[in-house]
Structures are given as C-alpha cells and as structure tokens.
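Since the structure comes first, as structure tokens, the remarks are kept for the end.
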Amino acid sequence: MQEGTGNAATADDERSSRVALTVNGTRRELTLDNRTTLLDALREKLGLIGAKKGCDHGQCGSCTVLLDGRRVKSCLIFAVTLDGCSVLTVEGLAGPNGLSPLQEAFIAQDAFQCGYCTPGQLCSARGMLDEVAENWPSAVSDDLTGPVRLTEAEVRERMSGNLCRCAAYPHIVAAVIESAASR
C-alpha cells in the first residue's frame, strides 16, 4: 500500500464541507466531516441535545426534527446535503411567551414518562398537525379529497414512526388531539 503524497490539511479539506443551516430561526455556518448526520451536527456541534440518538437507524423516531417544515429522522440525513435548509428542533418549539400549545397539551395529558422520546414525539406531532392543517390524507383517512378529520386512528397512524418505550401512546394521542382543538 502506497502512502498518499498530500498533507493532512488537504485530506481534511476533502473530507469536510461548509454548510449553512437556519436552526430554530438562527443562521448557523458549520464546517463538518461529510459523514456527519444532521443529528450529530445538532447535538455535537450546536449543543442542541433535545433530539435523541435512540436506534441510529431511523426506526424509533427519537431524533425527529422538522426540515423545511417536514418531519425527518435526523439520524438518517447527512448534514452537508442540507445547505440552505431550515431545521426546527424541540428547542425551537416554544415561543417568546413560553411553551407552545402542543407542549402544554403534552404536560396536561401526561404524554411522557421517561421523556427520552418526547422531543421526537413533539416535533413529529407538530409536523403532523401542519400536515392535517393542509389536508394531507393518511393511510386511514376516510376522505382523500376533503378535510382531514383528526380521529384517534388518524393520530396513531400519523405518529406511528415514533416509538415510546414507556407506552405513553394513549396520552400522546390525547395531547395531539387537545392541541389540534386549540389551533
């Protein structure tokens, strides 16, 4: 095996890229290893530890954030592919006057136990409520062309990509429905 002739700075430059993201309303410019996931960039480079690393395979949903308004599992996306995108994490859900109605509904309905999945659940619920507001049907929607009626089955279907190891599902569904009623 022949050693490379380039210096370490060149090798690092080839493995890194600059990316500009708007995270929770603030523009952030980062230089990242090209293999860095959005989750790792948020947690390790920006100190936003709300999104959790659960399975690291996109199966549990604890890393869910909103990317340009759409729900994504941040452990599956390379951050350097997101130049110019907007990311909303659980830290950005609250407004200047305190918790969002969704966060308040989670508290009122006791929609969390250990809390590990809660940030992903909250981001997913926020994205789901936005989809419902735009009348996007789901696999269980009765009417594919009319307004979406938010039933328990509808919420369960739409939130099915987010797992809760404490099984707080009935409370999560109740919180989402309560929050939808206040919109």
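The values are calculated or read from the model by the stated rules, or taken from the named source; none is laboratory data. Quick caveat: nothing in here was measured; it's all calculated off a predicted structure. When we count neighbours, we look across all protein chains shown, and the Cβ atoms used for this are built from the backbone with ideal geometry, even at glycine. Calculation scope for accessible area: heavy atoms of the full protein, side chains included, ligands and nucleic acids excluded. Shrake-Rupley method; radii C 1.70, N 1.55, O 1.52, S 1.80 Å.
Do the conditions hold for Gly146, that is, is it at positive phi, free of Cβ contacts under 8 Å to residues at least 40 places away in the same chain and surrounded by fewer than 17 Cβ atoms within 10 Å (Cβ to Cβ)?
Details: at positive phi: no; free of Cβ contacts under 8 Å to residues at least 40 places away in the same chain: yes; surrounded by fewer than 17 Cβ atoms within 10 Å (Cβ to Cβ): yes.
No.
Which of the residues that make up the range 143-180 are under 20 Å from the mean Cα position of the chain (by Cα) and among the charged types (D, E, K, R)?
Glu154, Arg156, Glu157, Arg158, Arg165
Of the residues Val80, Val87, only one is in contact (Cβ under 8 Å) with a residue 60 or more places away in the chain and more than 21 Å from Gly127 (Cα to Cα); which? Talk me through it step by step, then tell me what you get.
Numbers: Val87 fails: more than 21 Å from Gly127 (Cα to Cα).
Exactly one residue qualifies, and that residue is Val80.
Yes or no, residue by residue, for (1) hydrophobic (A, V, I, L, M, F, W, C); (2) under 11 Å from the mean Cα position of the chain (by Cα):
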| position | (1), (2) |
| --- | --- |
| Ile107 | yes, no |
| Ala111 | yes, no |
| Gly115 | no, no |
| Gly127 | no, yes |
| Glu131 | no, no |
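For the range 59-105, which positions are over 11 Å from the mean Cα position of the chain (by Cα) and among the acidic types (Asp, Glu)?
Within the range 59-105, Asp83, Glu104 qualify.
A quick yes/no check of all residues on (1) among the charged types (D, E, K, R); (2) out of contact with any Ser or Thr (no Cβ under 8 Å at 6 or more places or on another chain):
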{"residue": "Cys63", "(1), (2)": "no, no"}
{"residue": "Asp68", "(1), (2)": "yes, no"}
{"residue": "Arg71", "(1), (2)": "yes, no"}
{"residue": "Ser74", "(1), (2)": "no, no"}
{"residue": "Ser86", "(1), (2)": "no, no"}
{"residue": "Ile107", "(1), (2)": "no, yes"}
{"residue": "Thr118", "(1), (2)": "no, yes"}
{"residue": "Leu122", "(1), (2)": "no, yes"}
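Would you please name the residue that is farthest from the chain's Cα centre (by Cα), looking only at residues in the range 25-40 that are more than 19 Å from Glu14 (Cβ to Cβ) and free of Cβ contacts under 8 Å to residues at least 40 places away in the same chain?
This residue is Glu29.
Being open to solvent by 70 Å² or more (accessible area, probe 1.4 Å) and either assigned to a helix (DSSP H, G or I) or more than 24 Å from Arg70 (Cβ to Cβ) (or both) is the filter here; which residues of the range 158-170 pass it?
Scanning the range 158-170 gives Arg165, Tyr169, Pro170.
Anything in the range 87-102 that is closer than 17 Å to Cys63 by Cα and either open to solvent by less than 50 Å² (accessible area, probe 1.4 Å) or at pLDDT below 95 (or both)? List them, or say none.
Result: Val87, Leu88, Thr89, Val90, Gly92, Leu93.
Answer yes or no as to whether Ala174 is open to solvent by 20 Å² or more (accessible area, probe 1.4 Å), in a helix (DSSP H, G or I) and among the small types (Gly, Ala, Ser).
When the stated conditions are applied, Ala174 passes them.
Return the total of residues in the range 54-71 being open to solvent by 30 Å² or more (accessible area, probe 1.4 Å) and farther than 27 Å from Asp13 by Cα.
8
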